[in-house]
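Let me begin by presenting the structure, written as structure tokens, before commenting on it.
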Amino acid sequence: MTQISIANIGNYPRIGEDKDQQRYRRGFGHFERKDISAHAFRDVEQSVAQEIIREQLLCNLDEVTDGLIGWQDPISHFCKNVVGIETAGLARYLNTNFYYRVPVIVSKPRMKEPILAKEFQFAQSVSNKPIRAVITGPLTLAAHVASDIKSFEKISDRIKFFTALVKKEIKSLLGAGARTIQIDEPFLPLLPTALPWVRKSLEEIIPEETSAKFILALYFSPLANLWDALQTLPVQGFNLDFTSDGAKLYRAVLEKPGTKEIGFGLIDARSTKMETVEAVAQMLRRWMERNPNRDCTLTPSAGLELLPRNTAFEKLSLLLKVRNILMPSARPETVHG
Amino acid sequence: MVKKSKLSQGQKRLISMGTLLPILPVTAAGSLPKHTELVELRYRVSKGVQNPLELERKEKLSTEVWVRQQEKMGLDVLVDGEMNRGDFIECFAKKINGFEVGGTVRCYGNRYYRKPVVRSRLEWKEPLVIDMWQYAQRMTHRPVKAVLTGPYTLMDWSFNEHYASRETLCRDLTAILRKEILALAELGAKIIQIDEPALASNPDEFSLVEDSIKELTRGVKSYFILRHCYGNLVPVWKKMQRLSVHNFHLEMANSRYSFLPHLKKSPTAKDVTIGIIDSHSRTIETPRQLLDIIRKLRLAVPANQLWLADDSGLKSRTIDEAIEKLQVLTEATTKQRAHIH
């Protein structure tokens, strides 16, 4: 029988509306003004990560993330650990209204020690469900970093550097026990001609022999035209955003399901409008009828930090409600809290 | 004074309205920092523990202080400083029927805003910026820009739970803002700035931007500025030349002037306000730095089309930082003018 897993696949709102849920914002302000040390701010981050993991567990998710609380944004988090990269001005991230500070390569870059393993270990220590480790992919990193030095002006040169960086991070994540590693490449649909580079990067990054599962996550752009080509990538599965070209992508996936695992990002991570449980269930039901005994995952379309906190929680709750309809059991699970 | 034959189209429009500006006009992008007392008062009113009338009085007082300060520093086109606004989305949403103030979302770093939700058909409710603009303009002989967030950005930076299409949402917002613009023009607003930081987010939707700007400016005799920041304009720059505005305000200091080579390669006939003050940096630019930059800018934009400003609003700076930054801007510009005359 088809098993449907439910998971969060990325960031989560770090503040909410009540006073206690605003402690991250206060803590960051104190840290910026140097009223508290980096160590003290890390305590704040970890307590918020723990709270966020708890919220996801209340929704009975099979896999959770730490909300990417330690990340200021998907780009600078990895560049702050690189000697030779400085931070410049603000730029819009993809087509969202979230902005990040552009890292600039000012001298030959050299990566320091990996950073994700410790974040993963902490998150796993406070979760009784597996943590999905998330990392931004080399193409997306390269596309969002500028360079003042000639040898890194071409995106292909930056991809090479970030491939090595991501490889190092993944090695440390595997050493820390990560079982599912998600590589986010939202820039790939914007530059489909970069697919050969992405393939080469993934071949370098993903160890030949590993029991960990590697998922490629794509979001914020239409994906239907890329679906066929994605099948050639050396990952075990994909997480797909069905909110951009939903109907077209869905048809493509139904017609050519391929052999890799599919994460159905059917819950819109950029809209406060609540999907109806039945509408989402119907889409998955059709897939299940055509692909019996083929497991899949139901997720939001992307990370949830673009939504207010209450809405993000409601969206995650929808995942369980949909699964309950499709996989009724003797003791249906409910959302706690 | 620039010879009449060298006037840009924008300058001709200004002169026809009786507004004479020097070469290289200096202006501010929009928001200016609030005094601590005003910030605290706004907070107390939001919590319901303070009379809103006192807030209105303090906002006007702060506006007056900033108008005088801008005159003292030598800005040529002033702003009211937005003392009665928190951010440039929520404050508009509160004044338009059909919007509900939503939950808090992060926009960058440790900055958040309450992202509005469109729950029903949007309709005009009350004036958006007229009152404060008029108050500021009455205090000074220098022109005060009226500054509005544009319909495309209002749409793109809100959650939509009502409209079936972004096109109809944008159209309704355009109608509401047009009403405001007509009223501003009627009251004598000679310079109107439309802030559209989202205009390049989705190049496929540029026609929505074009149609809305066309409708906003249709038949209005004012001088229009379109402001953009922190996005990539290269894919839409060519199409932007069709927009019915007189001036593009472009952030450049923050993005290290990466757009300048493109501007040089593909010049515009419109006036260009270039942000040479980084509004998101505490570092105060030096006159020497700005002089060098202005010289480089003049290789891409003729002097008679060039205006100078900060990248975007200065509300996240301290008052001292904002004053120092604007001061050095006017100093450098004054020195550069001497080389042109």
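Could you run the Debye sum over the Cα atoms of the protein assembly as shown, one equal point scatterer each and no solvent, and tell me log10 of I(q)/I(0) at q = 0.05, 0.07 Å⁻¹, two decimals? Each listed q corresponds, in turn, to -0.25, -0.49. Taking every Cα-Cα distance in segment A:231-276 and sorting them into 10 Å bins from zero, the calculated P(r) comes out as 24, 50, 21, 4 percent. Distance between the pseudo-spin-label points of B:L299 and A:K118 (7 Å out from Cα toward the beta carbon): 4.5 nm. Computed from the alpha carbon atoms alone, the convex hull of chain B holds 129 Å³ per residue.
When restricted to Cα atoms, segment B:202-341 yields an Rg and a Dmax of 15.6, 44 Å, respectively.
Relative contact order of chain A, taken over Cα pairs closer than 8 Å and 6 or more residues apart, is 21 percent. Every Cα-Cα pair in segment A:150-216 was counted, and those over 20 Å apart are 30% of them.
Restricting to chain A, what percent of DSSP beta bridges are antiparallel, rounded to 5? Roughly 20 percent of the DSSP beta bridges within chain A come out antiparallel.
Loop-located trypsin sites (Lys or Arg not before Pro) across segment B:14-75 with a Cβ neighbour count of 10 or fewer within 10 Å are B:K47, with loop assigned by DSSP.
A Förster radius of 25 Å combined with the Cβ-Cβ distance from A:E255 to B:S165 puts the calculated FRET efficiency at roughly 0.35. Local charge for A:P130 was computed over the other residues whose Cβ lies under 14 Å away, with Lys and Arg +1 and Asp and Glu -1, and equals +1.
Semi-axes of the equivalent ellipsoid for segment A:1-60, please: Cα gyration tensor eigenvalues, times 5, square-rooted, ordered largest first, whole Å.
Its equivalent ellipsoid spans semi-axes of 30, 12, 9 Å.
Computed from point charges on the beta carbon alone (+1 for Lys and Arg, -1 for Asp and Glu), the dipole magnitude for chain A about its Cα centre is near 320 Debye. By the count of other C-beta atoms within 10 Å, a proxy for reagent exposure, B:T268, A:T140, A:T243 are ordered fewest to most as B:T268, A:T243, A:T140. Is the shape of chain A best called rounded, prolate or oblate, per the rule: a/c under 1.5 gives rounded, else a/b larger than b/c gives prolate, else oblate, with a ≥ b ≥ c the square roots of the Cα gyration tensor eigenvalues? Here chain A falls in the oblate category. Listing B:T217, A:T299 from fewest to most neighbouring C-beta atoms within 10 Å gives B:T217, A:T299. Shape class of segment B:69-153 from the Cα gyration tensor (axes a ≥ b ≥ c, square roots of the eigenvalues): oblate, since a/c reaches 1.5 or more and a/b does not exceed b/c. In segment A:95-141, inverting the average of 1/r over every pair of distinct C-alpha atoms gives 14.0 Å as the Kirkwood radius.
Other residues within the sphere of radius under 15 Å centred on the Cβ of B:E167, judged by their own Cβ, net out at -3 (K and R +1, D and E -1). Shape class of segment B:291-341 from the Cα gyration tensor (axes a ≥ b ≥ c, square roots of the eigenvalues): prolate, since a/c reaches 1.5 or more and a/b is larger than b/c.
The convex hull drawn around the Cα atoms of segment A:44-194, when projected onto a plane and averaged over every direction, covers 9.4 nm². Our summary gives chain B a relative contact order of 21 percent, counting only alpha carbon pairs under 8 angstrom and 6 or more residues apart. Taking a cut-off of 17 Å between Cα atoms, list the lysines near B:K34, but don't count ones fewer than 8 places away on the same chain. Filter leaves B:K58, B:K60, B:K315, B:K325. Taking 0.36 nm per residue of separation and subtracting the current Cα-Cα distance, fully stretching the chain between B:H339 and B:I15 would add 114.3 nm. Take every pair of alpha-carbon atoms less than 8 Å apart whose residues are at least six positions apart; their mean separation over the length of segment A:121-228 yields a relative contact order of 33 percent. Global dimensions of segment A:32-124 from alpha-carbon coordinates: Rg and Dmax equal 15.5, 47 Å.
Within segment A:237-337, all pairs of alpha-carbon atoms sorted by distance into 5 Å bins from zero give the percentages 2, 12, 23, 25, 20, 11, 5, 1, 0. Put a dot 7 Å past the Cα of B:N202, heading toward its Cβ, do the same for A:T232, and the two dots end up 3.1 nm apart. Summed over qualifying helices (DSSP H, 4 residues or more, each -39500 (n - 2.57)) and divided by its residue number, chain A shows a 222 nm mean residue ellipticity of -12000 deg cm²/dmol. Ordering A:T65, A:S147, A:A40 by Cα displacement along the dipole of segment A:22-163 toward the positive end leaves A:S147 in first place; charges were set at the Cβ atoms of Lys, Arg (+1) and Asp, Glu (-1).
Entry for segment B:39-104 at q = 0.20, 0.21, 0.27 Å⁻¹: log10 I(q)/I(0) = -0.92, -0.97, -1.17, Debye formula applied to identical alpha-carbon scatterers, no solvent contribution. Over segment A:204-245, the reciprocal of the mean inverse Cα-Cα separation, the Kirkwood hydrodynamic radius, stands at 11.5 Å.
With R₀ set to 25 Å, the beta-carbon distance separating A:K19 from A:T276 gives a calculated FRET efficiency near 0.15. Distant-in-sequence amide contacts of B:L78, defined by a placed amide H-H separation under 5 Å and a gap of 5 or more residues or a different chain, comprise B:V144, B:K145. Highest mobility in the GNM of chain A, judged by mean-square fluctuation with C-alpha springs under 10 Å and restricted to A:G263, A:G137, A:G29, is found for A:G29. Report the gain in length on full extension from B:I319 to B:R68: 0.36 nm times residue separation, minus Cα-Cα distance, nm rounded to one decimal. The B:I319-B:R68 span can extend by a further 89.0 nm.
Fewest neighbouring Cβ atoms within 10 Å first, the residues A:H30, B:H246, A:H77, B:H339 line up as B:H339, A:H30, A:H77, B:H246.
Computed from the coordinates by the stated procedures, all read-outs in this text should not be read as laboratory data. What you see is a predicted model, and the numbers here were worked out from it, not measured in a lab. Counting neighbours? That spans all protein chains shown, and the Cβs are built from the backbone with ideal geometry, glycine included.
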